[in-house]
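Notes follow the structure.
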Amino acid sequence: MEQEMEKKRFGVLLCAEDSELVRKKYGGYFGVFVRMLAEEGERWDVYRVARGEFPDDDELALYNGFVITGSCNDAHGNDPWIHQLLNLLQKLNSINKKVLGICFGHQILGRALGGKVCRSPSGWDIGIRTVNLSSSSSLKLPSKLSIIECHRDEIWELPPKAEVIAWSEKTGIEMFRYGDHIMGIQGHPEYTKDILFHLIDRLTQHNYIHQDFAMESRLKVAMWEPDKDSWKRICVSFLKGPL
């Protein structure tokens, strides 16, 4: 029992439904994040918040940190679960809990802290993009890294006291820090290229993107590789490092 209590414990706030490919190959998006972030001796739990599954308030202190996933929903939307998630994130901020937000998670963090999220005026960003990283961050970031992107919304206005730590030609806020306990990443450090190809196919089938745009995106993705190992180090260092 004592050994169980000493384990580091993390929660994944799952904001998307698993596709068949991701479920069969990776054990769902929860499995994708565990593969990137988990280390031996840790406990990882999943809360399917898009279905209304949330941790109780008295459980929050048990966790070393939380990760918020991507989603097909809009972070600027008003679904009941999104408002419940906003309330949870405000509570986590108030107790200085480590929170890492990815794509939708990045955007919903920005909104919860007082920033503004909207549709990108330049449309979808799908593919592998090079982002510029700040040299002033305590995370000791390289100057440039490539990351998989798949979004059409973005943080338009930062929350007060937040700091931009990465940007690109397409998106002005690719990453931000808020204090030492909150970080958002617009891209997908956890994605593999086959997950992205699968998403491009699904977006095309549902008429979110045109066939020619999808074909162009696939060709570009095939030519480049994301810096997955570097992103993994950044995410693990933030989530498990000291406050």
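The values are calculated or read from the model by the stated rules, or taken from the named source; none is laboratory data. Given the structure is predicted, the values throughout are model-derived calculations rather than measurements. Cβ sites come from the backbone with ideal geometry, for glycine too, and all protein chains shown count toward neighbours. Side chains are part of the model used for accessible areas, which takes the heavy atoms of the whole protein and leaves out ligands, DNA and RNA. Shrake-Rupley method; radii C 1.70, N 1.55, O 1.52, S 1.80 Å.
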* To do: Compare the Cα positions of 173, 230, 196 along the charge dipole of the stretch 118-243 (+1 at Cβ of Lys, Arg; -1 at Cβ of Asp, Glu; about the Cα centre) and return the one farthest towards the positive end.
  => 230
* Which value at 222 nm does the chain reach when only helices count, each DSSP H run of 4 or more adding -39,500 (n - 2.57), with the total divided by all residues and rounded to the nearest 500 deg cm²/dmol? -> -10500 deg cm²/dmol
* Structure fact -> Candidates 190, 157, 149; GNM for the chain (alpha-carbon contacts under 10 Å) flags as most fluctuating 157
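In the chain, which whole DSSP H runs stretch at least 20 Å along their own axis (Cα) and average -1.0 or higher on the Kyte-Doolittle scale?
80-94
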* Asked: In debye to the nearest 20, how big a dipole does the stretch 9-240 give about its Cα centre with +1 on each Lys and Arg Cβ and -1 on each Asp and Glu Cβ?
  -> 340
* To do: Past 29 Å, Cα to Cα, is the threshold; run 91/220; 8/232; 91/170; 7/140; 116/220 against it and keep the listed order.
  => 91/220; 91/170; 116/220
* Structure fact -> So for R0 = 30 Å, FRET eff. of residue 232-residue 64 from the Cβ-Cβ r, to 0.05, ends up at 0.95
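Which whole-number percent is the relative contact order of the stretch 100-203 (Cα, under 8 Å, 6+ apart)? Before the final figure, lay out the partial values.
On the way: 204 pairs, mean separation 32.5, N = 104.
Relative contact order comes out at 31 percent.
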* Structure fact -> Computed over the chain, protein heavy atoms only, probe 1.4 angstrom, the accessible area per residue in square angstrom equals 49
* Structure fact -> Per GNM of the chain with C-alpha springs under 10 angstrom, the most fluctuating residue out of 36, 215, 175 is 215
* **Neighbourhood net charge (12 Å Cβ-Cβ; Lys/Arg +1, Asp/Glu -1) for residue 165** => 0
* Asked: Using the Cβ atoms and a cut-off under 14 Å, what net charge is assigned to the surroundings of residue 89, where Lys and Arg are +1 and Asp and Glu are -1?
  -> +3
* Structure fact -> GNM on the chain, Cα springs under 10 Å; top mean-square fluctuation among 33, 104, 213 goes to 213
* Roughly how many nanometres apart are two label points built 7 Å out from the Cα toward the Cβ at residue 95 and residue 224? -> 4.0
* How much length is gained on full extension from residue 57 to residue 194, taking 0.36 nm per residue of separation minus their Cα-Cα distance? -> 45.6 nm
* Asked: Which of the following values of Rg/Rh (Cα atoms, Kirkwood Rh) was calculated from the structure shown: (i) 0.99; (ii) 0.94; (iii) 0.97?
  -> (ii)
* Considering only the other residues whose Cβ falls under 9 Å of the Cβ of residue 8, what net charge follows from Lys and Arg at +1 and Asp and Glu at -1? -> +1
